[in-house]
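Below you'll find the structure, written out as structure tokens, and then a few comments.
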């Protein structure tokens, strides 16, 4: 399998964004927009995000293909959550970021989820889509035209 590193792996990007959200909450909270106890909804969103990631990870394992974004895939996974979104793992990560922002309760951490989508699109998804189109041709183009990128 050939590796084509284009940028940091998505879990690293997620970690950087989580740390940035926590930093923004600590040093630049702006305003408290989610009062206690409602901020605990964020914990549920984090759990939901993690749960969303687990299914697709299992699907990749069953298909015996790599989960690493910049490596050549040996199979196109299009079942399960992939019937609704081409990027369920990234959607789960976005839920985690929204959950962290809600959990903090302050306004500034919400910049994280807003910036995460374009960063992931530019640094990861765009490259993945080119590689998948090269590897799977019309099969991937058909999948791409019938399933949305996010939701």
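Rule-based calculations on the coordinates, nothing more; no lab input. Just so it is clear, the structure is predicted and the values come from calculations on it, not from any experiment. FYI the Cβ positions are ideal-geometry reconstructions off the backbone, even for glycines, and counts take in every protein chain you see.
Neighbouring Cβ atoms within 10 Å as the yardstick, rank 89, 81 fewest first.
81, 89
In nm, to one decimal, how far is the modelled label at residue 12 from the one at residue 138, with both set 7 Å along Cα→Cβ?
So the label points at residue 12 and residue 138 sit 3.8 nm apart.
Based on the Cβ-Cβ distance from residue 26 to residue 61, what FRET efficiency comes out when R0 is 25 Å, to the nearest 0.05? Before the final figure, lay out each step's value.
Values: r = 37 Å, r/R0 = 1.49.
E between residue 26 and residue 61, to the nearest 0.05, is 0.10.
Could the peptides 37-46, 14-23 be put in order, highest first, of the mean number of other beta-carbon atoms found within 10 Å of their residues?
Details: 37-46: 14.6, 14-23: 17.8.
Going by the mean number of other Cβ atoms within 10 Å, highest first, we get 14-23, 37-46.
Based solely on C-alpha atoms, express the radius of gyration and the Dmax of the chain in angstrom.
For the chain, the Cα radius of gyration and maximum Cα-Cα distance read 16.7, 51 Å.
Just to confirm my numbers, what's the Cα centroid distance between the range 109-147 and the range 1-74 in Å?
After rounding, the separation between the Cα centres reads 15 Å.
Give the calculated FRET efficiency between residue 68 and residue 111 to the nearest 0.05, with a Förster radius of 35 Å applied to their Cβ-Cβ distance. Walk me through the numbers on the way to the answer.
On the way: r = 28 Å, r/R0 = 0.80.
After rounding to 0.05, the efficiency reads 0.80.
Rounded if a/c is under 1.5, else prolate if a/b is larger than b/c, else oblate: which is the range 76-132, with a ≥ b ≥ c the root eigenvalues of its Cα gyration tensor?
Values: a/c = 4.62, a/b = 1.77, b/c = 2.60.
Cα axes put the range 76-132 in the oblate bin.
What value, in deg cm²/dmol to 500, does the helix sum -39500 (n - 2.57) over DSSP H runs of n ≥ 4 give at 222 nm once divided by the residues of the chain? Could the numbers behind the result be given before it?
Numbers: 5 runs with 88 residues, N = 151.
Calculated mean residue ellipticity at 222 nm is -19500 deg cm²/dmol.
Would you work out the relative contact order for the range 1-109, in percent, from Cα pairs under 8 angstrom that are 6 or more residues apart?
On the way: 142 pairs, mean separation 52.6, N = 109.
The value is 48 percent.
How would the range 1-67 be classified by its alpha-carbon gyration tensor: rounded, prolate or oblate, with rounded meaning a/c under 1.5 and the a/b versus b/c comparison settling the rest?
Details: a/c = 6.38, a/b = 1.74, b/c = 3.67.
Oblate, since a/c reaches 1.5 and b/c is not below a/b.
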